[in-house]
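For reference, the structure discussed in these notes is given below.
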Amino acid sequence: MNTVSEELFQQMIRIRREIHMHPELGYQEEKTASIITEELERLGIKSTTGIGKTGVVGQINDSGPVVALRADMDALAIQEETGLEFASKTDGIMHACGHDGHVAMLLGAASILKKTLKAGSVLLVFQPAEEGGGGAQKIMDSGLLDDAKAIYACHLDRHYKTGKLVVQPGPISAFTDRFDISIRGKGGHAAQPHDAIDAIVVASLIVMSLQTIVSREVNPLYPSIVSVGRIEGGSVPNAVAESANLSGTVRTTETQIREQIMSGITRIVDAAGILHNADVSVDFTMGYPSVINTVEEVEIARAAVTNIIGEEALVDGQFASMGGEDFSYYLEKIPGCLIRLGALKDGLEGIPAHSSTFDFDENALKIGAAFLAETAKLTIDHLSK
């Protein structure tokens, strides 16, 4: 395995743990950005700060083909319960998705590339607000990536053991759309339901009916999800609720399935209102697009994995994750590849991301740093030919 020196590995662990102790939510990553800029300065890498409020973009060399590498920086609004010696010192906020590791890996790759990059230019993109804030779009809007010919990123993944990487072409994540349904009935006494229009009954019908869209209307070959995550209505047990509200998510990987499901939701909501003589409406909020890895960049990434570990490290992911990733905004304009980096920690096999007890195997940091650096160099070689 050709990864990184022990000295650099320990440096990445130190950086990761420092960031982990001081987590910050999207567009608030001031301390994280300062840690990054100090490390880039130490390495002799110039940087631009304040992009999308807290983003940082470093640049190694300024001539030849340009390749970008991205790490997200933000934490989550979760109270940490890991018991780690470097656990979050900020109440109600923790790094529960590995973004602290992503930053450390990219800084590790920066150290490697600063010493070994012979030609071309590498942009080191430290992005704010991946967790719902769409920070990738802010980076794109800055224009700093206009010359980038390819972009890559690693995401730590506890589904796979350390030393395994998922590098696959095509859709690898879902559209993350939201729906909000408002129901207005007619309030009344629970003892005289005939004088009222029960918003909770209407809401219940809608919840159950929505489940039939995926199971009975969508081609089962296309992964899709309709899930209601919030329902509220009524105030006292002996009154018919006048209003109710539902909120949920739609996850799809294909544009036509996305449109089909939204049309189905609208039809069911409208029909429920007519059936019960209630005033019902639905609003959609478009989320992140699907991440769609490009074929050529996937092949380069696979070659990088083979070079640093061996072909046996490659895992066939087979299916897209139904989670969301704003890396999709980069791929709308720049060819690229997001890979899943195995980082399962012994004893935490059943702990998902976004959990208060989430942690990962820090040995994955040296693999991720080596992968990012090797991928950047291979891409520049490819673009230079």
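The values are calculated or read from the model by the stated rules, or taken from the named source; none is laboratory data. The shown structure was predicted, so the numbers you read here are calculated from the model rather than taken from an experiment. Using ideal geometry, Cβ is built from the backbone for each residue, glycine included, and neighbour counts are taken over all protein chains shown.
Observations, loosely collected:
- Summed over the range 289-311, residues that are outside any loop (DSSP other than H, G, I, E, B) and under 24 Å from residue 381 (Cβ atoms) total 16.
- Answer residue from the range 221-242, given it is under 25 Å from the mean Cα position of the chain (by Cα) and outside any strand (DSSP E or B) and is surrounded by the most Cβ atoms within 10 Å (Cβ to Cβ) among those: 223
- Of all residues in the range 247-264 being of a type in the set (A, V, I, L, M, F, W, C) and surrounded by 22 or more Cβ atoms within 10 Å (Cβ to Cβ), the one that is nearest to residue 212 (Cα to Cα): 261
- Looking only at the range 85-120, residues that are without any contact (Cβ under 8 Å) to a residue 12 or more places away in the chain and either among the aromatic types (Phe, Trp, Tyr) or part of a helix (DSSP H, G or I) (or both) come to 1 in all.
- The listed residues are 362, 349, 374, and the only one of them that is over 19 Å from residue 173 (Cα atoms), part of a helix (DSSP H, G or I) and charged (D, E, K, R) turns out to be 374.
- Among (1) charged (D, E, K, R); (2) out of contact with any Ser or Thr (no Cβ under 7 Å at 6 or more places or on another chain); (3) farther than 15 Å from residue 153 by Cα; (4) assigned to a loop (DSSP other than H, G, I, E, B), the one test that residue 326 misses: (3)
- Across the range 121-143, the qualifying residues are those that are part of a helix (DSSP H, G or I) and in contact with a strand residue (DSSP E or B) (Cβ under 8 Å, 6 or more places away or on another chain), and the one among them that is surrounded by the fewest Cβ atoms within 10 Å (Cβ to Cβ) is 138.
- Hey, residue 149 assigned by TED's automatic domain parsing to the domain that holds residue 52, over 17 Å from the mean Cα position of the chain (by Cα), within 21 Å of residue 358 (Cα to Cα) and touching a residue at least 12 places away in the same chain (Cβ under 8 Å) or not: no
- When residues of the range 36-59 are limited to those that are assigned to a helix (DSSP H, G or I) and touching a residue at least 60 places away in the same chain (Cβ under 8 Å), the one surrounded by the fewest Cβ atoms within 10 Å (Cβ to Cβ): 39
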